[in-house]
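Below you'll find the structure, written out as structure tokens, and then a few comments.
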Amino acid sequence: MNLLRSNNKILLILRGLAAILIVSSILAFIKSIIPLETANNTANINKSMELNFLKMLVPLLVGPVLEELIFRKWIPNTFQDVLGRKKSVIFSNLLFSVLHFDWFIITYFANGLIYSYFYNKSKDIKVPIIMHILYNFSVFLITFF
């Protein structure tokens, strides 16, 4: 029984990661054709890491763990009684998006909604945490090298 539950969570993680990579790729393409100067959050983070292990630890591991605990678990649960579940998830993901300090917040908002969906589906915060870590690592590999 536990093995089936673990396999199901692995499949959820893989499906969620695929969804985020597809959505992010589409939105990155859209962002690239909009003729506006942007503060490229990902490039700035990659530049600051300089292949230093300790500097890599925060955006690749610590950030996703803290962000998922705060924006997928704590904020929605805190505001659920006041706003209802859907509105508290939307509020939390808007906050998540704005706090990434990139004018093109739609990517962060869409990713946050996907993390929220898979957290709700799995009822296990480890699912979006692992998805987020894998996503950040994928973006790092794609954009850094």
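The values are calculated or read from the model by the stated rules, or taken from the named source; none is laboratory data. Just so it is clear, the structure is predicted and the values come from calculations on it, not from any experiment. Positions of Cβ are backbone-derived with ideal geometry, glycine not excepted, and every protein chain shown enters the neighbour counts. Ligands, DNA and RNA are stripped out before the accessible areas are found, and what is left, the full protein with its side chains, is counted by its heavy atoms. Shrake-Rupley method; radii C 1.70, N 1.55, O 1.52, S 1.80 Å.
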Out of curiosity, is Trp103 at pLDDT 95 or above and more than 14 Å from the chain's Cα centre (by Cα)?
no
Please find, within the range 29-68, the residue that is modelled with the highest pLDDT out of those that are closer than 24 Å to Ile125 by Cα and open to solvent by 70 Å² or more (accessible area, probe 1.4 Å).
Leu66
Among the residues of the range 75-90, is there at least one that is farther than 15 Å from Asn136 by Cα, of a type in the set (Phe, Trp, Tyr), assigned to a helix (DSSP H, G or I) and modelled with pLDDT under 95?
no
Hey, can you tell me all the residues within the range 103-145 that are in a loop (DSSP other than H, G, I, E, B) and surrounded by fewer than 18 Cβ atoms within 10 Å (Cβ to Cβ)?
Trp103, Ile105, Lys123, Asp124, Ile125, Phe145
